[in-house]
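Worksheet: the structure to be examined is printed underneath.
The values are calculated or read from the model by the stated rules, or taken from the named source; none is laboratory data. This structure is a prediction, so every number in the text was calculated from the model and none was measured. FYI the Cβ positions are ideal-geometry reconstructions off the backbone, even for glycines, and counts take in every protein chain you see.
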Amino acid sequence: MPIISLNKTERDRLLELFFTLRDLGRRYPFAKQEVMAGLRCMKAVHSNALEDRSIDRIFLQILLHNAGIPDKNRISPSYQKSYLELQGQDNLLRWLEEKAPQKDPLSISLIMEMHRRVFEKSWPDIAGRIRDSEVQIASMKHLPPSVPDIQQLLYQKFTTINEGISALGDLTPENFFTLLHYSAQAHYLVAHVHPFRDGNGRVARSVSDYIHLRFDMYYDVIMTDYKAAYLDAMEECDILNSDPLFQFLQYSYLETLERVSTFFSLVVKR
Ligand SMILES: Nc1ncnc2c1ncn2[C@@H]1O[C@H](COP(=O)(O)OP(=O)(O)OP(=O)(O)O)[C@@H](O)[C@H]1O
Ligand SMILES: [Mg+2]
């Protein structure tokens with residue numbers, strides 16, 4: 001499948017929409033809070049904790065946001081486990097939202113804490129722990145690095161990305177795509193290194209979320225409909241080149257921002 005990417009007109013649209021919506025979010029902070037809550041919910045429902053696409057997502061969204069019975073175990077252990085993972089993911093995002101203004105750099109301890117927050121209830125034995133054995137990614141050619149290389153690779157690459165991000169200063173139309181590129185690099189790095197026994201995709205996507213939050217940006221929601229395109233983009237990347245993921249994320253972000261834009265039409269007539 002060819003990598004999904006934006007043409008020049010669509011990239012211009014992404015840029016313009018981003019800065020328009022950022023201004024609106026600053027003028028209407030309650031509306032922004034509402035939008036972020038909506039995006040968190042969408043992320044939870046489009047997370048791969050619930051793989052079965054035959055289940056209606058709107059139906060699930062209602063149930064998972066406190067409309068259903070509290071003890072999901074009465075329905076099935078796997079439903080309960082997915083529910084706990086989704087709650088963990090929601091907790092992680094709220095924690096990142098609080099933490100982002102401190103502008104801490106990316107680090108190994110940060111991603112360990114992120115993993116712990118998502119999985120402490122569903123997978124207590126591996127939550128927050130770097131793997132101590134080799135892993136493979138099902139149906140993928142990419143073989144993650146071996147255990148002794150994990151920390152050094154993460155440390156080196158995080159240092160370079162942190163330096164690049166710090167050098168950007170405030171987000172402007174001139175450096176917007178550079179920041180998205182750093183976000184794609186960090187996302188791909190965590191996916192490539194696969195530092196955890198499982199849950200690497202969710203932490204990798206949350207690393208991008210953290211970078212977005214540090215720059216007062218809306219979340220990107222990667223919809224399950226695009227899972228194949230997302231994984232194809234991953235497979236096309238390597239440790240020195242995360243461009244295919246960068247292309248895919250621009251596409252996904254434009255779609256997310258178009259959705260956010262429809263919400264703001266409730267708030268203000270433009
Ligand atoms: N070829 C690849 N190269 C690098 N990373 C990949 C590749 N294929 C998949 N990945 C990453 O690995 C993730 C799957 O790994 P893992 O099962 O540990 O994560 P997860 O969080 O449980 O899964 P998911 O992302 O499906 O929620 C994918 O989401 C993607 O981010
Ligand atoms: Mg997994």
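Checked against the criterion of being modelled with pLDDT under 95, surrounded by fewer than 19 Cβ atoms within 10 Å (Cβ to Cβ) and over 22 Å from Ile211 (Cβ atoms), the candidates Ser133, Ser122, Ser139, Ser146 yield just one match: Ser139.
Could we say that Pro77 is at pLDDT below 95, surrounded by fewer than 16 Cβ atoms within 10 Å (Cβ to Cβ) and under 27 Å from Ser242 (Cβ atoms) here? Spell out how you get there, then give the answer.
Details: at pLDDT below 95: yes; surrounded by fewer than 16 Cβ atoms within 10 Å (Cβ to Cβ): yes; under 27 Å from Ser242 (Cβ atoms): no.
Judged against the criteria, Pro77 is not a match.
Quick one: is Phe119 among the aromatic types (Phe, Trp, Tyr) and either closer than 18 Å to Gly201 by Cβ or in contact with a strand residue (DSSP E or B) (Cβ under 7 Å, 6 or more places away or on another chain) (or both)?
Taking the combined requirement at face value, the residue satisfies it.
Picking from residues in the stretch 219-260 that are modelled with pLDDT of 95 or more and polar (S, T, N, Q), the one that is farthest from Asp12 (Cα to Cα) is Asn241.
Would you check which residues across the stretch 158-184 are closer than 17 Å to Ile239 by Cα, without any contact (Cβ under 8 Å) to a residue 60 or more places away in the chain and under 19 Å from the mean Cα position of the chain (by Cα) and list them?
Residues of the stretch 158-184 that are closer than 17 Å to Ile239 by Cα, as a first pass: 158-162, 164, 180-184.
Filter again for without any contact (Cβ under 8 Å) to a residue 60 or more places away in the chain, leaving 158-162, 164, 182.
Of everything in the stretch 158-184, those that are closer than 17 Å to Ile239 by Cα, without any contact (Cβ under 8 Å) to a residue 60 or more places away in the chain and under 19 Å from the mean Cα position of the chain (by Cα) turn out to be Phe158, Ile161, Asn162, Tyr182.
Here is a yes/no grid of residues against (1) out of contact with any Lys or Arg (no Cβ under 8 Å at 6 or more places or on another chain); (2) in a loop (DSSP other than H, G, I, E, B):
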site	(1), (2)
Asp23	yes, no
Ala37	yes, no
Ala44	yes, no
Asn48	no, yes
Arg53	yes, yes
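Considered as a group, the residues in the stretch 1-21 that are assigned to a helix (DSSP H, G or I) and not charged (D, E, K, R) include one that is farthest from the chain's Cα centre (by Cα), and that residue is Thr9.
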